[in-house]
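Trainee: My questions all concern the structure below.
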Amino acid sequence: MGSTLGAIRTACTSTLSHQAAWRNVFCLVFLISALFACSNMAAGQATTSLRGTVTDPSGAAVAGATVTVTSAESKVERTASTGPAGEYQFLFLPPGTYTLTASASGFQGYQQKGLALLVNTPATANVQLKIGVASETVTITTEMQAINTVDASLGNSFDETQVREIPLEGRNVPDLLSLQGGVAYTGNRIGDKDQDTRNGAVNGARSDQSNVTLDGVDVNDQSNGYAFTSVLPVTQDSVQEFRVTTTNYGADQGQGSGAQVALVTKSGTNTFHGSIYENLRNTITSANDYLVKQSELNIGAPNKPLQLTRNIFGAAVGGPIHGGAIRKDRLFFFANYEGTREREQQRAERA
């Protein structure tokens, strides 16, 4: 009897140890998968760059100066030293608003606030240091975007406020492409996309030649070839920045002969923020289509436009995550839910 109980205890202990081992293996696999996912997201993230030169009051280069860029929102901080010609550069920076500081021995400190760095737009910020003690600091505050003197790309950028406030039919963010010069746009209704191949053509290129990326990841609609469509849903309240390059884009964007569209999503900040919204469109004030109107007149039907009811609603929230082993200013979250209810009538043409 004693040996039987001992065997049962041994078997139970062995089973528990196997379960614990499998749990450890599962946790290890999950951790490795999460690390790979994070590394892939970081590798594919949309970025920008900043470069410039540091000089003294006479225009001579200041070598060995310390230059730092800091983002108060994401807590990103990069530091570099100027070269023999006073040059510095920061590559692969997340888009956002930064503070640029520079210091060197025998010169006053330099600080420039509100430096806006846009996605896929190389920026240049030159610094001129004044002679003085390091404890003195010259502060420049600006909300202007840094000038792109690096390449000859043509296009426009839309920040978070512009993306949110510009009225968009259907709240489809890639529709902002229609505001660029050289873009043909005939509408975003189902019939408009399928019946007119010019819709979305950029500078004469085919509509399926535009390249759309979301945080650096390809989200083109390969099946239908629509120019104003992302295969991943992109809401207005989740977009931080929208950049369109129509001409002279670099080799890193040369996946098509049309426009290069870059979307950057939001991230949380050190303060909690959120929004609740609802948008409704109906046909109460819509004008009737000419061909539909003629067909209704021929059969004695009232002059009534085809139904198009679009109801879009949602909520967004973001903020910091800290507590316990998680340090403040290091981890943030942002979440956005959006629902769409749409009813649309289409005309049927008979020969």
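Trainee: In the same structural domain as Asn199 (by TED's automatic domain parsing), surrounded by 12 or more Cβ atoms within 10 Å (Cβ to Cβ) and not aromatic (Phe, Trp, Tyr), is that true of Ala301?
Mentor: Details: in the same structural domain as Asn199 (by TED's automatic domain parsing): yes; surrounded by 12 or more Cβ atoms within 10 Å (Cβ to Cβ): no; not aromatic (Phe, Trp, Tyr): yes.
Taking the combined requirement at face value, the residue does not satisfy it.
Trainee: Six or more apart or on different chains, Cβ under 8 Å: which pairs go from a residue in segment 77-90 that's without any contact (Cβ under 8 Å) to a residue 12 or more places away in the chain to one that's acidic (Asp, Glu)? Could you list them?
Mentor: Matching pairs, first to second residue: none at all.
Trainee: Follow-up. Leu280 passes all but one of (1) part of a helix (DSSP H, G or I); (2) at pLDDT 85 or above; which number fails?
Mentor: The one condition Leu280 does not meet is (1).
Trainee: Turning to a different aspect of this structure: Would you point out the residue of segment 229-269, among those that are assigned to a strand (DSSP E or B) and of a type in the set (A, V, I, L, M), that is surrounded by the fewest Cβ atoms within 10 Å (Cβ to Cβ)? Lay out the reasoning, then the answer.
Mentor: Step one: filter segment 229-269 for residues assigned to a strand (DSSP E or B), giving 230, 239-247, 260-265.
This time we only want the ones that are of a type in the set (A, V, I, L, M), so: 239, 244, 261-264.
Numbers: Val239: 22, Val244: 25, Val261: 29, Ala262: 26, Leu263: 26, Val264: 26.
Looking at the filtered set, the residue picked out is Val239.
Quick grid of which residues meet (1) at pLDDT below 55; (2) exposed (fewer than 14 other Cβ atoms within 10 Å of the Cβ):
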site: Ala20; (1), (2): yes, yes
site: Ile32; (1), (2): yes, yes
site: Pro57; (1), (2): no, yes
site: Ala65; (1), (2): no, no
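Trainee: Here's a follow-up. Is it the case that segment 222-244 has a residue that's among the hydroxyl-bearing types (Ser, Thr, Tyr), in contact (Cβ under 8 Å) with a residue 12 or more places away in the chain and farther than 16 Å from Asp175 by Cα?
Mentor: Narrowing segment 222-244 to residues among the hydroxyl-bearing types (Ser, Thr, Tyr): 223, 226, 229-230, 235, 238.
Filter once more, keeping what is in contact (Cβ under 8 Å) with a residue 12 or more places away in the chain: 226, 229-230, 235, 238.
With farther than 16 Å from Asp175 by Cα added as a condition, the list becomes none.
No.
Trainee: Among the residues of segment 270-293, count how many are closer than 21 Å to Glu165 by Cα and surrounded by 12 or more Cβ atoms within 10 Å (Cβ to Cβ).
Mentor: Selection size over segment 270-293: 7.
Trainee: At pLDDT 85 or above and either farther than 23 Å from Val261 by Cα or buried (at least 16 other Cβ atoms within 10 Å of the Cβ) (or both): does that describe Gly96? Spell out how you get there, then give the answer.
Mentor: Details: at pLDDT 85 or above: no; either farther than 23 Å from Val261 by Cα or buried (at least 16 other Cβ atoms within 10 Å of the Cβ) (or both): yes.
So Gly96 fails the test.
Trainee: Could you please find all residues in segment 126-151 being buried (at least 19 other Cβ atoms within 10 Å of the Cβ) and either outside any loop (DSSP other than H, G, I, E, B) or modelled with pLDDT of 90 or more (or both)?
Mentor: Val127, Leu129
The values are calculated or read from the model by the stated rules, or taken from the named source; none is laboratory data. Owing to the predicted nature of the structure, the values given are computational and were not obtained by experimental measurement. Cβ: placed from backbone, ideal geometry, glycine included. Neighbour counts: every protein chain shown.
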